[in-house]
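Undergrad: Pasting a structure below so you can have a look.
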Amino acid sequence: MLDYSQLVRTAETLDPVPMSVSRLVAVVARDHWAFSEVEQVISLDQALTGRLLQVANSAASAALVPIGTVKDAIIRVGEGPVLSFAMACCIGPQLKRALPAYGLGEGDLWRHSVAASLAAEIVMAMAPHPVPAEAVTAALLHDVGKLVLARFLDSDLLRALAAARADGDRPAMQAEVDVLGVHHGQLGGLIARHWNLPDRLAEAIAHHHSPDKANDILCDTVHIANIAARLAVGRPEDQRQVDVTPMPASVERLGLSGTFLDRLCNHVTRRLDEVLSRYAIATQPLPLTG
């Protein structure tokens, strides 16, 4: 098994999130917040303002008239995606890297993460129960723990992990725990806290494979978003590992129908290239101030 304290130390070496981004997430994570607060946080960060205006005026956003203010840009893009775009500015380049230990080539984890964020955005729009705006960001970051865990997977551990995952009697996350002593969700939660993101968001990341433990509609949203991303754009082996029989309890807790998951996957497949092009603007290599 891995040295948990060493994993924690490695997680804490990741570059911090700019103050403006963590402040933005903290504002929206509150039970009561004003639109003007979001506008103010973004307006004080010139680089973030520029990125947001670019996204709002991009062809993918289908802006009919030029948008020149932060307020209009937020209205055009939406609070949830704005949070996710802001986070993508700093974490996107890392999520784009290849992770051979997980069988992921360059851009694979990024594509999956964006697909999950898109799925969460759709759930927010369609669920009868209110879904927090930070769900889109939590979905984007749900696999961030893999960035740390992959650094420690040598050939022996990879063989042991592959054998454990091949055992059909236990889920992939349990295989990670049995072999490594920790799973990527737990590490993702630690990373989120290291970035001073809200505890609720960190918990949604930590339990995105086990939403029943979190008892939170935010975690339910991330869980469903991850499933939809895997089914819509995942590798065949990833799709085979998704068990949707019976339908995940998260769908019911969100107040959605039994056919919702199929429709969600169709939406994600149809809109993913468009949303990836918006995120490409958000992840241009420009420094954030804050």
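The values are calculated or read from the model by the stated rules, or taken from the named source; none is laboratory data. Predicted model, so just to flag it, every value in this text is computed and none were measured. Backbone-built Cβ (ideal geometry, glycine too); neighbour counts: all protein chains shown. Note: accessible area is taken over every heavy atom of the protein model, side chains too, but ligands, DNA and RNA are not part of it. Shrake-Rupley method; radii C 1.70, N 1.55, O 1.52, S 1.80 Å.
Undergrad: How about the stretch 177-187: which of its residues are of a type outside the set (A, V, I, L, M) and either touching a residue at least 60 places away in the same chain (Cβ under 8 Å) or under 15 Å from residue 214 (Cβ atoms) (or both)? It would help to see each step written out before you state the result.
TA: Going residue by residue through the stretch 177-187, those that are of a type outside the set (A, V, I, L, M) are 178, 181, 183-186.
Result: 181, 183, 185, 186.
Undergrad: Any residue that is within 23 Å of residue 196 (Cβ to Cβ), polar (S, T, N, Q) and touching a Gly at 6+ places or on another chain (Cβ under 8 Å) - is there at least one of those in the stretch 11-32? Can you show your working first?
TA: Start the filter on the stretch 11-32 by keeping residues that are within 23 Å of residue 196 (Cβ to Cβ), which leaves 11-32.
Filter once more, so that each one left must be polar (S, T, N, Q): 13, 20, 22.
Subsequent filtering for residues that are touching a Gly at 6+ places or on another chain (Cβ under 8 Å) retains 20.
Looking for residues that are within 23 Å of residue 196 (Cβ to Cβ), polar (S, T, N, Q) and touching a Gly at 6+ places or on another chain (Cβ under 8 Å), one finds at least one in the stretch 11-32, hence yes.
Undergrad: Let me ask another. Of the residues in the stretch 96-153, how many are in contact with a helix residue (DSSP H, G or I) (Cβ under 7 Å, 6 or more places away or on another chain), more than 22 Å from residue 262 (Cα to Cα) and of a type in the set (D, E, K, R)?
TA: 5
Undergrad: Any residue in the stretch 233-249 that is modelled with pLDDT of 70 or more, part of a helix (DSSP H, G or I), within 18 Å of residue 117 (Cα to Cα) and open to solvent by less than 20 Å² (accessible area, probe 1.4 Å)?
TA: no
Undergrad: What do you reckon, is residue 133 out of contact with any Ser or Thr (no Cβ under 7 Å at 6 or more places or on another chain) and either open to solvent by less than 10 Å² (accessible area, probe 1.4 Å) or in contact (Cβ under 8 Å) with a residue 60 or more places away in the chain (or both)? Give the steps one after another, and end with the answer.
TA: On the way: out of contact with any Ser or Thr (no Cβ under 7 Å at 6 or more places or on another chain): yes; either open to solvent by less than 10 Å² (accessible area, probe 1.4 Å) or in contact (Cβ under 8 Å) with a residue 60 or more places away in the chain (or both): yes.
In short, yes.
Undergrad: Kindly indicate whether any position in the stretch 102-119 is over 15 Å from residue 279 (Cα atoms) and of a type in the set (A, V, I, L, M).
TA: Looking only at the stretch 102-119, we keep the residues that are over 15 Å from residue 279 (Cα atoms), and these are 102-106.
Retained after the next criterion (residues that are of a type in the set (A, V, I, L, M)): 104.
Yes, the conditions are met somewhere in the stretch 102-119.
Undergrad: Here's a follow-up. Using beta carbons and a limit of 6 Å, which pairs, at least six apart or on different chains, have the first residue in the stretch 1-21 and over 30 Å from residue 48 (Cα atoms) and the second one open to solvent by 30 Å² or more (accessible area, probe 1.4 Å) and assigned to a loop (DSSP other than H, G, I, E, B)?
TA: 1/181; 2/181
Undergrad: From the list 75, 91, which one is closer than 29 Å to residue 227 by Cα and surrounded by fewer than 20 Cβ atoms within 10 Å (Cβ to Cβ)? Reasoning before the result, please.
TA: On the way: 91 fails: surrounded by fewer than 20 Cβ atoms within 10 Å (Cβ to Cβ).
Just a single option satisfies the conditions, and that option is 75.
Undergrad: Another question, if that's okay. Condition test on residue 67, is it more than 26 Å from residue 16 (Cα to Cα) and either part of a helix (DSSP H, G or I) or touching a residue at least 12 places away in the same chain (Cβ under 8 Å) (or both)?
TA: Working: more than 26 Å from residue 16 (Cα to Cα): yes; either part of a helix (DSSP H, G or I) or touching a residue at least 12 places away in the same chain (Cβ under 8 Å) (or both): yes.
Spelling it out, residue 67 is indeed more than 26 Å from residue 16 (Cα to Cα) and either part of a helix (DSSP H, G or I) or touching a residue at least 12 places away in the same chain (Cβ under 8 Å) (or both).
Undergrad: Also, quick follow-up: Are there any pairs with C-beta distances below 7 angstrom linking a residue in the stretch 269-282 that is more than 15 Å from residue 120 (Cβ to Cβ) to a residue that is modelled with pLDDT under 90 and among the basic types (Lys, Arg), with the two at least 6 apart or on different chains, and if so which?
TA: 281/51; 282/51
Undergrad: While we're looking at this one, here's another question. Name the one entry in 161, 190 that is buried (at least 19 other Cβ atoms within 10 Å of the Cβ), of a type outside the set (Lys, Arg), farther than 19 Å from residue 83 by Cα and free of Cβ contacts under 8 Å to residues at least 24 places away in the same chain. Steps first, please.
TA: On the way: 190 fails: free of Cβ contacts under 8 Å to residues at least 24 places away in the same chain.
Just a single option satisfies the conditions, and that option is 161.
Undergrad: Does any residue of the stretch 180-197 turn out to be basic (Lys, Arg), at pLDDT 90 or above and over 24 Å from residue 232 (Cβ atoms)?
TA: Kept after step one, since they are basic (Lys, Arg), are these residues of the stretch 180-197: 193.
Imposing the further condition that a residue be at pLDDT 90 or above reduces the set to 193.
Add one more test, that the residue is over 24 Å from residue 232 (Cβ atoms), and what stays is 193.
Yes: one or more hits.
Undergrad: Quick check on my filter: what residues within the stretch 44-59 are farther than 13 Å from residue 82 by Cα, part of a helix (DSSP H, G or I) and open to solvent by 30 Å² or more (accessible area, probe 1.4 Å)? Before the answer, list the steps.
TA: Within the stretch 44-59, the first condition is being farther than 13 Å from residue 82 by Cα, and the residues that meet it are 44-47, 57-59.
Narrowing the set further to residues that are part of a helix (DSSP H, G or I) leaves 46-47, 59.
Scanning the stretch 44-59 gives 46, 59.
Undergrad: Next question, about the same structure. Before we move on, is residue 218 closer than 11 Å to residue 138 by Cβ, aliphatic (A, V, I, L, M) and crowded, with 16+ Cβ neighbours inside 10 Å? Before the answer, list the steps.
TA: Values: closer than 11 Å to residue 138 by Cβ: yes; aliphatic (A, V, I, L, M): yes; crowded, with 16+ Cβ neighbours inside 10 Å: yes.
For residue 218, the condition - closer than 11 Å to residue 138 by Cβ, aliphatic (A, V, I, L, M) and crowded, with 16+ Cβ neighbours inside 10 Å - is met.
Undergrad: Turning to a different aspect of this structure: Suppose the filter is charged (D, E, K, R) and within 16 Å of residue 136 (Cα to Cα); does residue 79 pass it? I'd like the intermediate steps shown before the answer.
TA: On the way: charged (D, E, K, R): yes; within 16 Å of residue 136 (Cα to Cα): yes.
For residue 79, the condition - charged (D, E, K, R) and within 16 Å of residue 136 (Cα to Cα) - is met.
Undergrad: Looking at (1) closer than 21 Å to residue 202 by Cβ; (2) acidic (Asp, Glu); (3) in contact (Cβ under 8 Å) with a residue 60 or more places away in the chain, which is the one condition that is false for residue 31?
TA: Just one mismatch for residue 31, condition (3).
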